[in-house]
1. For B:Tyr127, are the conditions met, namely being away from chain A (no Cβ under 14 Å) and hydroxyl-bearing (Ser, Thr, Tyr)?
2. Of the residues in segment A:231-248, how many are open to solvent by 20 Å² or more (accessible area, probe 1.4 Å) and assigned to a helix (DSSP H, G or I)?
3. Within segment A:188-208, track down each residue that is free of Cβ contacts under 8 Å to residues at least 40 places away in the same chain and closer than 13 Å to A:Arg82 by Cβ.
4. Could you tell me which residue of segment B:191-225 is farthest from the other protein chains (Cβ to nearest Cβ), considering only residues that are under 30 Å from B:Leu57 (Cα atoms) and open to solvent by 20 Å² or more (accessible area, probe 1.4 Å)?
5. For the condition within 8 Å of another protein chain (Cβ to nearest Cβ), out of contact with any Asp or Glu (no Cβ under 7 Å at 6 or more places or on another chain), open to solvent by less than 50 Å² (accessible area, probe 1.4 Å) and assigned to a helix (DSSP H, G or I), what is the one hit in B:Leu304, B:Leu293?
6. If I ask for residues that are in a strand (DSSP E or B) and surrounded by 13 or more Cβ atoms within 10 Å (Cβ to Cβ), which ones from segment B:149-178 would you list?
7. If a residue must be open to solvent by 10 Å² or more (accessible area, probe 1.4 Å) and closer than 21 Å to A:Ser111 by Cβ, how many such residues does segment A:158-176 contain?
8. Within segment B:83-93, how many residues are under 14 Å from B:Leu33 (Cα atoms) and out of contact with any strand residue (DSSP E or B) (no Cβ under 6 Å at 6 or more places or on another chain)?
Amino acid sequence: MKIMVPVKRVVDYNVKVRVKSDNTGVELANVIMSMNPFAEIAIEEAIRLKEAGTASEIIVVSIGPKAAQETIRTGLAMGADRGILVEHDADAEPLAIAKVLKAIVAEENPSIVLLGKQAIDGDNNQTGQMLAQLLGWPQGTFASDVVVGDGSVNVTREVDGGLETVKLNLPAVITTDLRLNEPRYASLPNIMKAKRKPIDMKTPADYNADMATRLTVLTVEEPAKREAGILVESVEDLVSKLKEKGVI
Amino acid sequence: MSALVFVEHDNTEVKDATLAAVTAAQAYGDVTLLVAGSDCASVADAAAKIDGVSKVLVADDAAYAHPLAEELAAVVLSVADGYEAIIAPATTTGKNFMPRVAASLDVAQISDIIEVVSTDTFKRPIYAGNAIATVQTSDAVKVITVRATGFDKAASEGGAATIETIGAAGAVGISSYVGAELSTSDRPELTSAKIIISGGRGMGSGENFALIEKVADKLGAAVGASRAAVDAGFVPNDYQVGQTGKIVAPELYIAVGISGAIQHLAGMKDSKIIVAINKDEDAPIFQVADFGLVADLFDAVPALEAAL
């Protein structure tokens with residue numbers, strides 16, 4: 001079976017993001033960008049399914065600026081087979097992304113679309129679910145375990161109270177949570193090999209996609225800062241302070 | 001103008017996060033609740049008593065015994081007509097099915113809002129809470145998930161809404177529930193507890209969590225953990241407070257042996273009073289703590305238990 005893995009190029013998770021002084025967004029100039037960590041987990045899971053003989057081909061897809069080629073290349077170096085970049089420079093919302101992905105699914109016919117539960121920039125947590133609904137497919141979000149069966153897949157999900165397992169008819173959409181796996185580092189020979197793997201360059205127009213945004217960002221601000229409090233000398237001191245505040 | 005609010009429940013009780021969603025929905029005037037469940041009459045009765053609600057729609061069907069996204073999206077869509085806003089708490093259930101609703105209605109979803117500025121404009125955290133965006137939607141219908149810590153809870157008593165039974169939406173039938181491993185505890189749930197005591201990597205082992213559990217039992221508190229403690233295998237993942245775990249805002253949050261990584265702060269910095277106990281006086285947690293105690297937790301936590 002084919003597995004399609006949509007990935008996003010985002011500000012690296014180690015970067016402390018700064019709000020721009022004019023409050024129009026966050027500072028993106030000269031900031032390290034890398035693959036969304038949840039997308040990395042999705043690629044790793046796809047590769048493991050290929051290594052187990054379940055998957056035959058892994059296609060990495062990204063919708064973003066030309067530089068997102070590097071992000072796709074990272075996935076190819078990890079072990080994916082080929083890439084598709086739908087070049088789009090402006091911000092795109094999850095619904096528009098889901099519509100482009102739906103069009104790519106129609107061409108590629110994957111059995112599983114495996115992607116991150118959310119991108120760590122917009123924190124929307126929507127694209128996988130929207131794609132599943134547009135396709136009429138079932139979904140297994142926040143996956144911590146994936147077991148592919150005959151015509152179905154069991155997905156164990158991280159939910160508020162613990163873990164829940166659902167059985168989905170294939171084809172299906174699966175979104176990854178942090179504990180699904182630990183992504184591998186690409187080896188140097190594989191990085192070299194990845195340079196020769198193909199990336200198809202596309203545009204939203206190739207899929208008749210409307211990329212217009214529905215949301216306007218009016219301002220982006222720093223969150224309210226907390227004032228540092230006081231150091232107490234002893235446990236007794238702490239308990240009396242908390243009693244004064246009436247919280248215990 | 002009116003809003004439809006999805007009731008999060010376990011077929012027995014209404015979950016607290018629903019009450020915050022009801023508060024957010026007041027901006028749209030008339031508030032209708034939807035209870036989709038199986039043998040869920042007690043939930044419908046409780047929902048009808050929530051203050052500020054005019055009507056409760058109840059879809060009681062085996063298809064809704066477990067919160068499958070495909071089925072919940074279908075039942076919400078079956079009644080969605082005519083509401084200006086469709087709102088759910090941003091729990092793992094709401095986050096799971098609401099984007100399906102938005103996709104079918106061909107509208108953007110506004111996730112995890114912390115404030116309703118006006119009926120088309122909202123505040124929501126981005127970049128793990130390191131920035132707050134104010135966004136305005138051009139869609140006629142607003143599909144919204146609500147971060148419970150951003151809103152006061154509507155009173156769970158005082159309302160007298162009418163209850164109306166609706167038919168099931170017809171099973172979608174492409175997914176099924178296999179099972180669950182839910183944590184069972186006599187302590188309150190993290191997301192609704194008034195007091196939380198959390199342990200970090202400094203706890204050293206899962207066994208040592210017994211120290212903070214004893215304090216939790218004296219205070220009637222929930223027990224949480226940092227991602228470092230979860231990754232180290234001390235406690236299960238559903239204990240995790242932070243960007244990748246639960247977002248909490250209790251009256252009192254006690255962080256024990258937690259350094260205060262950004263990812264943890266993102267999950268608890270809206271708590272009313274924060275206490276930090278850590279032997280490293282340079283730990284970033286002290287920069288957000290109202291009361292800090294620089295001490296070895298293995299001395300301080302038993303002393304705290306004894307002092308309570």
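The values are calculated or read from the model by the stated rules, or taken from the named source; none is laboratory data. These numbers come from a predicted model, not from an experiment. Glycine gets a Cβ as well: all are built from the backbone with ideal geometry, and neighbour counts include every protein chain shown. Heavy atoms of the whole protein, side chains included, go into the accessibility calculation; ligands, DNA and RNA do not. Shrake-Rupley method; radii C 1.70, N 1.55, O 1.52, S 1.80 Å.
1. no
2. 7
3. Of everything in segment A:188-208, just one residue is free of Cβ contacts under 8 Å to residues at least 40 places away in the same chain and closer than 13 Å to A:Arg82 by Cβ, namely A:Arg196.
4. Taking the candidates together, the pick is B:Ser192.
5. Values: B:Leu293 fails: assigned to a helix (DSSP H, G or I).
Every option except B:Leu304 fails the conditions.
6. If the condition is that a residue be in a strand (DSSP E or B) and surrounded by 13 or more Cβ atoms within 10 Å (Cβ to Cβ), then B:Ile163, B:Ser175, B:Ser176, B:Tyr177, B:Val178 are the ones that fit.
7. Number satisfying all stated conditions: 5.
8. Matching residues across segment B:83-93 total 1.
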